[in-house]
Amino acid sequence: MNLDQIAELEKRVLIPTYDRLPILAVRGEGCYLYDDRGKKYLDFLGGLAVNVLGYAHPEVLAVLRDESETLLHVSNLLYHRYQAPLAEKLAKKAGLDRVFLANTGTEVVEGAIKLARAYARKSRPSAAFERFEILALENSFHGRTLGALSLTWPEKYRKPFEPLLPGARFVRLNDVAHLRESFTPRVAALIVEVIQGEGGVMEVQEKFLKTAEELCRANDALLICDEIQCGMGRTGRFFAFKERGLRPDVVLVAKPLAAGLPLAAIIARDEVAQAFSPGLHGSTFGGGPLQCRLALKVLEILERPGFLENVQDVGAYFRRQLEKLRSELPVVREVRGEGLILAAELEVPCKPVVRQALEMGFLMNCTQERVLRFLPPLIIERRHVDELVAALRLILGRLGNAPVADKKEVHA
Ligand SMILES: Cc1ncc(COP(=O)(O)O)c(C=O)c1O
């Protein structure tokens, strides 16, 4: 079936949750995706921050082949070889102690909400009032299931499903006074993405973060860092919270953990983790042998000398090129981000830019209507950045003037 036939069939048979780009993806290699006509796209979307090692990475394929023929799935009622070593590694990297393995980002946000409530009860059983409130930040995104959705800011996502979780409240981004006001003794946890990905690559300021940590400590509330999008090497450091000197009680990772298969982790301080006991939480698929082996491979590759340094180098170069575009083209309002989570906010809606870039063989996405967001595989090189920036210069340069006429592909 070709793209039109597939799109037509999807229109009839899928529950309409996605507004897809017109590409029928059939295979990927390195930083490139290929469609059914053999056209290639340089990927600055990276499967929404999942494909950190690009596509068809040979070492990932070797693990996949081997483990899929050995032990594809085994229930969590039994042991297998890879969960404990993976947990040990993740805990060490986060400076924490214990790990629960699940499948998706939203699922570990749910688990963290339960953990915060369980810990609040256990740590202060005689509190005169229930401590169950969870604070999140305006502009945040933490997922789509009911608990995680309660902590996700855009009203258009939440409103149709109300009533949501009682005690979920939002604090104004970077407003320290509002943070202090919001912090009542009923607060069990505060959840934060130190760089808000879906929110348009918005940085939470260090002073706000430090105050949040102090208030959590003073109130015995948990500081939960959602590193699902900005973590695991994306900023050029393994965790974005570490660069900011934060010491969270709980860290959440997901997207790239198993190189493209679903795997997610709650990483917690020992005392907090002990609020769970057998039966209080679980997952049929979470932490299967194939995913855990893949995650061990991903971590091993990320730890190799030079890997994260390359993310820092290419990221800084990319940002400089975007800044240059901003200085040349008034349509670019602001450039944000670090490492390989970057954004260019435009003065105009960016969907048409994404479409034109696609025709020229570049994949990226638009968030918050006017923000071009870049989440490429962490293996991209400066020459890839040059290709993209040349295409953007052409597209953005013509915005407001003539439409882009020569939509030629620019890859070698
Ligand atoms: C920061 C953050 N948290 C949570 C989620 C939800 O993850 P998932 O889509 O795997 O459920 C996302 C997804 O984009 C995210 O960016």
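The values are calculated or read from the model by the stated rules, or taken from the named source; none is laboratory data. On a predicted model such as this, the values are computed, not experimentally measured, just so you know. No Cβ is skipped: glycine too gets one built from the backbone with ideal geometry, and neighbour counts run over all protein chains shown.
Step by step: first the residues of the range 120-146, then only those that are small (Gly, Ala, Ser) and either crowded, with 21+ Cβ neighbours inside 10 Å or in contact (Cβ under 8 Å) with a residue 60 or more places away in the chain (or both), then the one that is farthest from Gly105 (Cα to Cα). Which residue is that?
Result: Ser123.
Just checking, how many residues over the range 73-111 are β-branched (Val, Ile, Thr) and within 17 Å of Ala148 (Cα to Cα)?
Of the residues in the range 73-111, 4 are β-branched (Val, Ile, Thr) and within 17 Å of Ala148 (Cα to Cα).
Would you check if there is a residue in the range 7-27 being in a helix (DSSP H, G or I), touching a residue at least 12 places away in the same chain (Cβ under 8 Å) and surrounded by 11 or more Cβ atoms within 10 Å (Cβ to Cβ)?
yes
Would a scan of the range 343-366 turn up a residue that is assigned to a loop (DSSP other than H, G, I, E, B) and within 19 Å of the chain's Cα centre (by Cα)?
Yes, there is a match, as at least one residue in the range 343-366 is assigned to a loop (DSSP other than H, G, I, E, B) and within 19 Å of the chain's Cα centre (by Cα).
Among (1) in contact with a Ser or Thr (Cβ under 9 Å, 6 or more places away or on another chain); (2) crowded, with 17+ Cβ neighbours inside 10 Å; (3) more than 22 Å from Ile134 (Cα to Cα), which single condition is Asp226 missing?
Of everything listed in (1) in contact with a Ser or Thr (Cβ under 9 Å, 6 or more places away or on another chain); (2) crowded, with 17+ Cβ neighbours inside 10 Å; (3) more than 22 Å from Ile134 (Cα to Cα), Asp226 misses just condition (3).
Do you know which residues across the range 165-178 are more than 17 Å from Leu115 (Cβ to Cβ) and surrounded by 15 or more Cβ atoms within 10 Å (Cβ to Cβ)?
Of everything in the range 165-178, those that are more than 17 Å from Leu115 (Cβ to Cβ) and surrounded by 15 or more Cβ atoms within 10 Å (Cβ to Cβ) turn out to be Arg169, Phe170, Val171, Arg172, Leu173, Asn174, Asp175, Val176, His178.
Quick one: which helices (runs of 4 or more DSSP H) sit completely within the range 223-337 and have at least 2 residues that are within 14 Å of the ligand (Cβ to nearest atom) and assigned by TED's automatic domain parsing to the domain that holds Lys89?
Here the list reads 240-243.
Out of the residues in the range 122-132 meeting the condition of being charged (D, E, K, R) and assigned to a loop (DSSP other than H, G, I, E, B), tell me which one is farthest from Arg158 (Cα to Cα).
Per the stated criteria, the residue is Arg124.
Among the listed residues Val99, Val109, identify the single one that is part of a helix (DSSP H, G or I) and either closer than 15 Å to Val253 by Cβ or within 10 Å of the ligand (Cβ to nearest atom) (or both).
Exactly one of Val99, Val109 is part of a helix (DSSP H, G or I) and either closer than 15 Å to Val253 by Cβ or within 10 Å of the ligand (Cβ to nearest atom) (or both), namely Val109.
For the structure I just gave you, tell me whether Arg373 is within 21 Å of the chain's Cα centre (by Cα) and on the phi < 0 side of the Ramachandran plot.
Considered against the rule, which asks whether it is within 21 Å of the chain's Cα centre (by Cα) and on the phi < 0 side of the Ramachandran plot, Arg373 comes out as yes.
Being in contact with a strand residue (DSSP E or B) (Cβ under 9 Å, 6 or more places away or on another chain) and assigned to a loop (DSSP other than H, G, I, E, B) is the filter here, so list the residues in the range 39-55 that pass it.
Phe44, Leu45, Val50, Asn51, Val52, Leu53, Gly54
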